[in-house]
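Input: a single structure, listed below in structure tokens.
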Amino acid sequence: MKIPEFQKSLTDWFDANKRDLPWRKTRDPYRIWVSESMLQQTQVNTVIPFYERFLEIFPDISSLAASSVESVLKQWEGLGYYGRVRNLHRAARIVFEQYQGKIPREYEAFRKLPGVGEYIAAAVTSIAYQFTVPVIDGNVKRVLSRLFELTQPVNDAGKKKIFQDAVEEIFDASQPGKFNESMMELGALICRPNQPDCGQCPVSKHCLACIDGKVNRFPKKTQKPAVPEYHIVVGVIYREDKVLITLRKSDGLLGGLWEFPGGKVNKGETTEAACLREVFEETGLTVEMGSFFKTVKHAYTHFKILMDVFLCRFVSGDIRLNSAVDFKWIRIAELGDFPFPGSNHKFMHELPMRLDNCL
DNA sequence: AATGCGGGGTC
DNA sequence: GACCCAGCATT
């Protein structure tokens, strides 16, 4: 491959065809950092509205550092992978306290911040500071796979050396930020996972897979196992005009989000019985069954759930939390003030104000 | 090196 | 339905 020719074709194409994305209007490392955090495993069109709103509310490191985790989670609500924003928030506080509010310009110092891995460190420093470091993300791996007919699976975590070597061969150190963005943009717009548009590709004549007519055979992927499905019950516990919500522990799945108490249905158990049992185990409260409300389906990365929602009435007992770390009795109108998982959003906005209205 | 971690778009 | 996505932390 003629490297300089490849680089020029790629970056010229980028200049002429790049999308007008919000994070391309700035060189502020904070704004680029936020965008890269949101864009992890998440598509551009999903991110845009979250990005705009997040930066309106947290326009700089100091405002983010000064805010509560809960308020930050609330802005991330619905975006998923909540550890990203918990880490971003922790990192903002570290930058505020240890670096006088200035994002460290040293690669190693920045890389050490929570949530900043190889990709984000490379992306932010190359785009904001022109550090000469190539990025490797899902798009870049797919492009490299086709350019060089790499047989290394792109979804095999960790094994990056082949891609690292390949990208270093074609990396344009004279304009690192533009080169990196160009590679990712090519992957997003032309060298797509399905039906790549080789006819419009600026570097198709450098691409082994295209030359060999094998574009559809790259990238190679490993097969993913099927995900299990769990049957879940959830109880919305009414007490007058209030309902009980509980706070998940701050790490792990949906960490730091509020939810309605519930859990898995045991084998041979009715969903009503499971609901009463789970409510008691998780909250210590005795409740009576009101009515079935709705069934919700939801998919996570490693499993799926079928969730039956019941409306219940508080009877007796004092709160004794099991896995949750906090609780609140709130009115239905206040639900929007707290961050909830997507599965809860599929029913919570349809809930009645009081239980007696619907019995 | 392997695993856990969301949600939405697309085909 | 299955696949894919501007990855990181933990073990």
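The values are calculated or read from the model by the stated rules, or taken from the named source; none is laboratory data. Every value quoted in this text rests on a predicted model; they were computed, and no experiment measured them. Cβ coordinates were reconstructed from backbone atoms using ideal geometry, including for glycine residues, and neighbour counts include every protein chain displayed. Side chains included, ligands, DNA and RNA excluded: accessible areas come from the protein's heavy atoms. Shrake-Rupley method; radii C 1.70, N 1.55, O 1.52, S 1.80 Å.
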3J(HN,Hα) from dihedral phi, region A:68-78, Karplus parametrisation 6.51/-1.76/1.60, rounded to Hz, x for glycine, proline: 6, 4, 5, 5, 6, 4, 4, 6, 8, 3, x
Solution diffusion estimate, µm²/s, Stokes-Einstein, region A:229-358, Kirkwood Rh from C-alpha pairs, 4 °C, viscosity 1.567 mPa s: 88
Protection proxy ranking of A:101-110, A:334-343 - average other beta-carbon atoms within 10 Å, highest first: A:334-343, A:101-110
Under 26 Å from the Cα of residue A:161 - lysines, other chains or at least 8 residues apart: A:2, A:8, A:112, A:141, A:178, A:205, A:214, A:220, A:221, A:224
Per residue solvent-accessible surface (Å²) - chain A, probe of 1.4 Å: 49
Taking the convex hull of Cα positions in chain A, its mean projected area over all directions (nm²): 20.6
Residues with amide H under 5 Å from that of residue A:290, placed H, sequence gap 5 or more: A:311, A:312, A:313
Under-5 Å amide H pairs with residue A:300, H placed in peptide plane, nonlocal only: A:305
Region A:77-134: Rg to Rh, with Rh as the Kirkwood radius over Cα pairs: 1.00
Under-5 Å amide H pairs with residue A:231, H placed in peptide plane, nonlocal only: A:265, A:306
Under Karplus coefficients 6.51, -1.76 and 1.60, residue-wise ³J(HN,Hα) of region A:332-347 in Hz, glycine/proline x: 4, 5, 8, 4, x, 7, 10, x, 10, x, x, 4, 6, 5, 6, 9
Over chain A: helical MRE at 222 nm, DSSP H runs n ≥ 4 each giving -39500 (n - 2.57), nearest 500: -12000 deg cm²/dmol
Peptides A:241-247, A:252-258 ordered by average Cβ neighbours within 10 Å, highest first: A:241-247, A:252-258
Karplus-derived 3J(HN,Hα), 6.51/-1.76/1.60, for each residue of region A:287-295, Hz, glycine and proline x: 10, 10, 6, x, 7, 5, 10, 5, 10
Heavy-atom accessible surface of chain A: percent carbon and sulfur, 1.4 Å: 49
Dipole in debye (nearest 20) - chain A, about Cα centre, beta carbon charges: Lys, Arg +1; Asp, Glu -1: 720
Share, in percent, of DSSP beta bridges within chain A that are antiparallel, nearest 5: 70
